[in-house]
Structure formats: structure tokens, C-alpha cells
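For reference, the structure is listed below as C-alpha cells.
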Amino acid sequence: MIQLTINGEARQFDQSINIAQFIDQNNLQGKRIAIERNGEIVPRSQYAEQYLVDGDKLEVVVAVGGG
């Protein structure tokens, strides 16, 4: 089990997942998002390669359009 902090809130997962899996599990696919892991922006091209580990801190920002 791993514990992550996501947008300031503690969450637990049964096993390590990559960022692409995290996006799928949280229904964020197809949305314009930016993900910061431990203070560094993760490029979209690395989502499948970046596995989350116990103690990671994520900030997830979803772009909202408006006019």
C-alpha cells in the first residue's frame, strides 16, 4: 500500500501505479491537465513511465475554459 498527497489531501492506493493509470482511475482522461510531482511538472510524454511511490506529493490542475 502506498500513501500519496494529492492537492493537499492524503490518499491511499493498494499498489504503485503510474501517472497514466492515476489519470484513468480519476476520470481525467481527455481533459486539459497539468501534473506536478514533488515540485516538478511531469511532461505528458512521461505519464506512462512515471510510477508513483509512497510519500509522493501530486498537484493536479485541470484547465477550465471560459469567456
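The values are calculated or read from the model by the stated rules, or taken from the named source; none is laboratory data. None of these values were measured; they are calculated from a predicted model. Ideal geometry is used to build each Cβ from the backbone, glycine not excepted, and the neighbour counts take in all protein chains shown. In case anyone asks, the SASA skips ligands and DNA or RNA and just uses the protein heavy atoms, side chains included. Shrake-Rupley method; radii C 1.70, N 1.55, O 1.52, S 1.80 Å.
A search for C-beta distances below 8 Å between a residue of the range 48-64 that is touching a residue at least 40 places away in the same chain (Cβ under 8 Å) and any residue that is aromatic (Phe, Trp, Tyr), counting only pairs 6+ apart in sequence or on different chains, returns LEU52/PHE13; LEU52/PHE22; LEU58/PHE22.
Among the residues of this structure, ALA20 counts as one that is assigned to a helix (DSSP H, G or I) and open to solvent by less than 90 Å² (accessible area, probe 1.4 Å).
Report, by residue number, each residue of the range 2-37 that is touching a Gly at 6+ places or on another chain (Cβ under 9 Å) and farther than 13 Å from VAL61 by Cα.
The first filter runs over the range 2-37 and keeps only residues touching a Gly at 6+ places or on another chain (Cβ under 9 Å), leaving 2-5, 32.
Those that are touching a Gly at 6+ places or on another chain (Cβ under 9 Å) and farther than 13 Å from VAL61 by Cα: ILE2, GLN3, LEU4, THR5.
The residues in the range 44-61 that are farther than 17 Å from GLN12 by Cα and open to solvent by less than 60 Å² (accessible area, probe 1.4 Å) can be counted, and the count is 2. Give the residues of the range 1-17 that are in a loop (DSSP other than H, G, I, E, B) and surrounded by 15 or more Cβ atoms within 10 Å (Cβ to Cβ), sorted by residue number. Correct list: ILE17 only.
Pairs meeting the criteria (first residue in the range 1-22 and closer than 20 Å to ALA48 by Cα, second residue among the charged types (D, E, K, R) and surrounded by 15 or more Cβ atoms within 10 Å (Cβ to Cβ), beta carbons under 7 Å, at least 6 apart or on different chains) are LEU4/ASP56. Among the residues of the range 23-56, those identified as part of a loop (DSSP other than H, G, I, E, B), under 17 Å from LEU4 (Cα atoms) and under 11 Å from the mean Cα position of the chain (by Cα) are ASN26, ASN38, VAL42, TYR47, GLN50, LEU52, ASP56.
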